[in-house]
Amino acid sequence: SSPGHLEALTLRGIAYMYLADHDMAKRHFGEALKFDPDHNDSRKAFNKVKDLDRKRQRANRAFEAQDYLEAEQQCRAALAVDLQHQRVNKELQLQLCRVQQMLAKPQEAVAACQAALAIDSDYYDATKELIRALLAAKSFDEAVNLARSTLQQHQQDGEMHQLYREAEKQLKMSKRKDYYKVLGVEISASTRDIKKAYKDLARQYHPDKVHSSKEKAENEDKFREIAEAYEVLNDDEKRGAYDRGEDLDQQGGGGGWGHPGQHFQQQQGGFQYTFHFG
């Protein structure tokens, strides 16, 4: 065949490749190579598209097998094959974003989703994944703002409504008191651990243990906070509501609930201190 014909087959193959129709691309490259096995441009393009497909398939298999480190490596390898292949690279960046979330790398996941959106600003799947990555990165305000603006354009998408509600809930939760931190226990702490931490801290910060008015005021605030945390975390129902991000004020508020166990109270300087044992 004439050189012009081989060149045309190669150019059409490259066009199909950048349209992400790799089967048609390989068919055109293969046709050119049948006429001239040594045709350099067709050979290079054919090898490139095969390499890209191979690495994408490896990334997909690794992800399905939950081998996320391998999936991350193969996504990056595939991205390096052809920096100009926008249709495939935006999908690879989205996949990389998901992989990095599974690897607990939220900041890197955010960057990957942003890279996908830099290629295609209307890439809706990448926008939704970016919201999830922002939440994982604790960028709650940014996640809420993005979810709100995206929802305005996708009012019929139930998933987007759910994402917006979740972003708002996590933003609200981020601004409330961390009762686990107040008591110095893990989220997975048992009731026994919570009771022990409460008793230790209540004794440590009891206002009667200090004498200056400034120290007494500081201990009163700390003591009140400890009691409030204990009232919530020592009750399974209220703790569950707190963990789910529900509004405790609608249930009576932290620090305002009684405790079924035995307790004693002491009046000191107009402030009532309560120790719970039970």
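The values are calculated or read from the model by the stated rules, or taken from the named source; none is laboratory data. What you see is a predicted model, and the numbers here were worked out from it, not measured in a lab. No Cβ is skipped: glycine too gets one built from the backbone with ideal geometry, and neighbour counts run over all protein chains shown. Accessible surface is based on the protein model in full, side chains and every heavy atom, while ligands, DNA and RNA are left aside. Shrake-Rupley method; radii C 1.70, N 1.55, O 1.52, S 1.80 Å.
Would you kindly enumerate the cysteines in the chain that have no other Cys beta-carbon under 4.7 Å from their beta-carbon?
C75
Keeping all protein chains in place, calculate the accessible area per residue for the chain (probe 1.4 angstrom), answer in Å².
57 Å²
Of Q156, Q101, L69, which is farthest along the charge dipole of the chain in the positive direction, counting Lys and Arg as +1 and Asp and Glu as -1 at C-beta?
Positive-most Cα among the choices belongs to L69.
With each pseudo-label sitting 7 Å past Cα toward Cβ, what's the H5-N145 distance in nm, one decimal?
6.0 nm
With the Cα gyration tensor of the range 1-54 in hand, convert its eigenvalues to equivalent ellipsoid semi-axes via √(5λ) and list them largest first in whole Å.
17, 11, 8
Excluding E237 itself, what net charge comes from residues whose Cβ is under 13 Å from its Cβ, given Lys and Arg +1 and Asp and Glu -1?
It works out to a net charge of -2.
Taking all protein chains as present, what is the carbon and sulfur share of the accessible area of the chain, in % to the nearest whole number, probe 1.4 Å?
Ligands and nucleic acids excluded, carbon and sulfur give 46 percent.
Just to confirm my numbers, what's the Cα centroid distance between the range 62-137 and the range 180-228 in Å?
44 Å
What does the extension gain come out to for A65 and R27, with contour length at 0.36 nm per residue minus their alpha carbon separation?
Working it through step by step, the gained length comes to 10.6 nm.
Suppose every K and R has +1 on its Cβ and every D and E has -1 on its Cβ; what is the size of the dipole of the range 47-111 about the Cα centre, in Debye to the nearest 20?
200 debye
When N counts the residues of the range 58-171, how does its alpha-carbon radius of gyration compare numerically with 2.2 N^0.38 Å, as a ratio?
Dividing the Cα radius of gyration by 2.2 N^0.38 Å gives 1.06.
A118 to K44: extension gain in nm, 0.36 nm per residue of separation minus the Cα-Cα distance?
23.9 nm
Over the Cα atoms of the range 101-144, each weighted equally, I'd like the Debye log10 I(q)/I(0) at q = 0.16 Å⁻¹, rounded to two decimals.
Listed by q, the Debye log ratios stand at -0.35.
Given labels modelled 7 Å from the Cα in the Cβ direction, how far is it in nm from Q86 to S212?
Distance between label points: 6.6 nm.
Once you have the alpha carbon radius of gyration of the range 173-247, what is it after dividing by 2.2 N^0.38 Å, with N set to its residue count?
Compared with the compact-globule rule of thumb, the range 173-247 sits at 1.16.
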